[in-house]
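Data block below; observations after.
The values are calculated or read from the model by the stated rules, or taken from the named source; none is laboratory data. Just so you know, these numbers come straight off a predicted model, no measurement behind them. Ideal geometry is used to build each Cβ from the backbone, glycine not excepted, and the neighbour counts take in all protein chains shown.
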Amino acid sequence: MVSGESVEKACSEVGHYTDEQMMNEFDRFFRAQPAVCDFVVELTNESGQKIQELSLFLSYMVFKTIEVSDIRGAEIVTSEAIETAYQQTETWMADVSEAEGVALEQAIVRSLQRDTEPHLLQYVISELNEPMEDGAELNDEEKGEVFFVLKTVISSFCRG
(Lines give C-alpha, C1' and ligand atoms only; values in the text may rest on other atoms or scores of the structure.)
Protein backbone atom coordinates (compact mmCIF):
# COMPACT_ATOMS: atom_id res chain seq x y z
CA MET A 1 0.00 0.00 0.00
CA VAL A 2 1.21 3.47 -0.85
CA SER A 3 1.51 5.61 2.27
CA GLY A 4 0.14 9.08 2.88
CA GLU A 5 3.76 10.22 3.17
CA SER A 6 4.48 9.00 -0.37
CA VAL A 7 1.51 10.99 -1.66
CA GLU A 8 2.80 14.09 0.16
CA LYS A 9 6.33 13.54 -1.15
CA ALA A 10 5.14 13.23 -4.76
CA CYS A 11 2.95 16.34 -4.41
CA SER A 12 5.83 18.29 -2.93
CA GLU A 13 8.24 17.26 -5.70
CA VAL A 14 5.79 18.02 -8.48
CA GLY A 15 4.82 21.31 -6.83
CA HIS A 16 8.41 22.52 -7.31
CA TYR A 17 8.66 21.60 -10.99
CA THR A 18 9.13 24.29 -13.60
CA ASP A 19 6.87 24.18 -16.66
CA GLU A 20 9.72 22.60 -18.62
CA GLN A 21 10.31 19.93 -15.96
CA MET A 22 6.58 19.18 -15.93
CA MET A 23 6.54 18.78 -19.73
CA ASN A 24 9.54 16.43 -19.50
CA GLU A 25 7.81 14.44 -16.76
CA PHE A 26 4.67 14.09 -18.88
CA ASP A 27 6.77 12.92 -21.83
CA ARG A 28 8.42 10.36 -19.55
CA PHE A 29 5.02 9.24 -18.21
CA PHE A 30 3.62 8.81 -21.74
CA ARG A 31 6.67 6.74 -22.73
CA ALA A 32 6.69 4.67 -19.53
CA GLN A 33 2.93 3.97 -19.38
CA PRO A 34 1.49 4.13 -22.90
CA ALA A 35 -1.46 1.83 -22.12
CA VAL A 36 -2.52 3.99 -19.16
CA CYS A 37 -2.27 7.19 -21.19
CA ASP A 38 -4.14 5.67 -24.14
CA PHE A 39 -6.89 4.46 -21.79
CA VAL A 40 -7.31 7.88 -20.17
CA VAL A 41 -7.31 9.71 -23.51
CA GLU A 42 -9.77 7.24 -25.06
CA LEU A 43 -12.16 7.24 -22.11
CA THR A 44 -12.18 11.04 -21.76
CA ASN A 45 -12.07 11.87 -25.48
CA GLU A 46 -15.62 13.21 -25.58
CA SER A 47 -15.52 14.82 -22.15
CA GLY A 48 -13.80 18.07 -22.93
CA GLN A 49 -10.26 19.25 -22.51
CA LYS A 50 -10.40 20.10 -18.78
CA ILE A 51 -11.64 16.61 -17.85
CA GLN A 52 -9.05 14.94 -20.07
CA GLU A 53 -6.19 17.08 -18.78
CA LEU A 54 -7.22 16.61 -15.14
CA SER A 55 -7.54 12.85 -15.64
CA LEU A 56 -4.10 12.68 -17.26
CA PHE A 57 -2.52 14.86 -14.57
CA LEU A 58 -4.00 12.80 -11.73
CA SER A 59 -2.92 9.60 -13.52
CA TYR A 60 0.60 11.04 -13.68
CA MET A 61 0.40 11.82 -9.95
CA VAL A 62 -0.57 8.21 -9.21
CA PHE A 63 2.40 7.07 -11.32
CA LYS A 64 4.75 9.54 -9.56
CA THR A 65 3.50 8.55 -6.11
CA ILE A 66 4.07 4.87 -6.80
CA GLU A 67 7.55 5.72 -8.09
CA VAL A 68 8.54 7.63 -4.96
CA SER A 69 7.07 5.04 -2.60
CA ASP A 70 9.52 2.56 -1.19
CA ILE A 71 7.20 -0.36 -1.95
CA ARG A 72 7.88 -0.90 -5.64
CA GLY A 73 8.53 0.96 -8.81
CA ALA A 74 5.70 1.67 -11.20
CA GLU A 75 5.62 -1.44 -13.34
CA ILE A 76 4.44 -1.12 -16.92
CA VAL A 77 0.67 -1.46 -16.94
CA THR A 78 -0.74 -3.64 -19.72
CA SER A 79 -3.99 -3.08 -21.58
CA GLU A 80 -5.19 -6.39 -20.09
CA ALA A 81 -4.62 -5.09 -16.55
CA ILE A 82 -6.53 -1.94 -17.44
CA GLU A 83 -9.43 -3.95 -18.87
CA THR A 84 -9.62 -6.06 -15.70
CA ALA A 85 -9.48 -2.95 -13.51
CA TYR A 86 -12.10 -1.25 -15.69
CA GLN A 87 -14.51 -4.16 -15.21
CA GLN A 88 -13.88 -4.15 -11.45
CA THR A 89 -14.52 -0.39 -11.31
CA GLU A 90 -17.75 -0.78 -13.30
CA THR A 91 -18.93 -3.43 -10.82
CA TRP A 92 -17.93 -1.22 -7.86
CA MET A 93 -19.78 1.78 -9.34
CA ALA A 94 -22.89 -0.33 -9.95
CA ASP A 95 -22.84 -1.60 -6.35
CA VAL A 96 -22.34 1.88 -4.91
CA SER A 97 -24.96 3.47 -7.18
CA GLU A 98 -27.67 1.22 -5.71
CA ALA A 99 -27.35 3.02 -2.37
CA GLU A 100 -28.76 6.49 -1.68
CA GLY A 101 -28.18 9.30 0.82
CA VAL A 102 -26.54 8.21 4.06
CA ALA A 103 -26.40 4.61 2.86
CA LEU A 104 -24.45 5.80 -0.19
CA GLU A 105 -21.92 7.63 1.95
CA GLN A 106 -21.55 4.61 4.22
CA ALA A 107 -21.11 2.28 1.22
CA ILE A 108 -18.38 4.52 -0.18
CA VAL A 109 -16.60 4.78 3.18
CA ARG A 110 -16.72 0.97 3.66
CA SER A 111 -15.43 0.45 0.15
CA LEU A 112 -12.57 2.91 0.59
CA GLN A 113 -11.62 1.24 3.87
CA ARG A 114 -11.38 -2.09 2.06
CA ASP A 115 -9.58 -0.67 -0.93
CA THR A 116 -5.92 -1.59 -1.34
CA GLU A 117 -4.88 2.03 -2.00
CA PRO A 118 -6.93 4.33 0.25
CA HIS A 119 -4.30 7.11 0.30
CA LEU A 120 -4.25 7.40 -3.48
CA LEU A 121 -8.06 7.42 -3.65
CA GLN A 122 -8.28 10.02 -0.87
CA TYR A 123 -5.79 12.19 -2.77
CA VAL A 124 -7.91 11.94 -5.93
CA ILE A 125 -11.10 12.78 -4.03
CA SER A 126 -9.47 15.80 -2.37
CA GLU A 127 -8.20 17.06 -5.74
CA LEU A 128 -11.65 16.65 -7.31
CA ASN A 129 -13.13 18.83 -4.58
CA GLU A 130 -10.64 21.64 -5.21
CA PRO A 131 -11.35 24.37 -7.79
CA MET A 132 -9.52 24.04 -11.11
CA GLU A 133 -6.60 26.37 -11.90
CA ASP A 134 -9.06 28.74 -13.61
CA GLY A 135 -11.25 28.81 -10.48
CA ALA A 136 -14.01 26.69 -12.01
CA GLU A 137 -15.37 23.76 -10.03
CA LEU A 138 -16.30 20.39 -11.43
CA ASN A 139 -19.95 19.39 -11.30
CA ASP A 140 -20.89 16.04 -9.75
CA GLU A 141 -21.05 14.27 -13.12
CA GLU A 142 -17.54 15.48 -14.02
CA LYS A 143 -16.21 14.46 -10.62
CA GLY A 144 -17.76 11.02 -11.05
CA GLU A 145 -16.23 10.60 -14.48
CA VAL A 146 -12.72 11.56 -13.35
CA PHE A 147 -13.06 9.39 -10.24
CA PHE A 148 -14.09 6.39 -12.37
CA VAL A 149 -11.06 6.88 -14.62
CA LEU A 150 -8.67 7.29 -11.68
CA LYS A 151 -10.07 4.38 -9.67
CA THR A 152 -9.41 2.24 -12.76
CA VAL A 153 -5.89 3.66 -13.17
CA ILE A 154 -5.06 3.09 -9.49
CA SER A 155 -6.35 -0.49 -9.66
CA SER A 156 -4.31 -1.06 -12.82
CA PHE A 157 -1.09 0.08 -11.15
CA CYS A 158 -1.78 -1.66 -7.84
CA ARG A 159 -3.05 -5.01 -8.99
CA GLY A 160 -1.16 -7.25 -6.73
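Selection within the range 68-90: residues that are over 18 Å from PRO34 (Cβ atoms) and among the charged types (D, E, K, R). The member of this set that is modelled with the lowest pLDDT is ARG72.
Can you name the residue in the range 105-137 that is of a type in the set (Asp, Glu) and either loosely packed, with under 13 Cβ neighbours inside 10 Å or modelled with pLDDT of 90 or more (or both) and, of all such residues, is nearest to PHE57 (Cα to Cα)?
GLU127
The rows are residues; the columns are (1) closer than 25 Å to MET132 by Cα; (2) surrounded by 14 or more Cβ atoms within 10 Å (Cβ to Cβ); (3) modelled with pLDDT of 95 or more.
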| position | (1), (2), (3) |
| --- | --- |
| GLN21 | yes, no, yes |
| PHE29 | yes, yes, yes |
| ILE66 | yes, yes, no |
| TRP92 | no, yes, no |
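The residues of the range 31-50 that are hydrophobic (A, V, I, L, M, F, W, C) and over 18 Å from TYR86 (Cα atoms) amount to a single one, ALA32.
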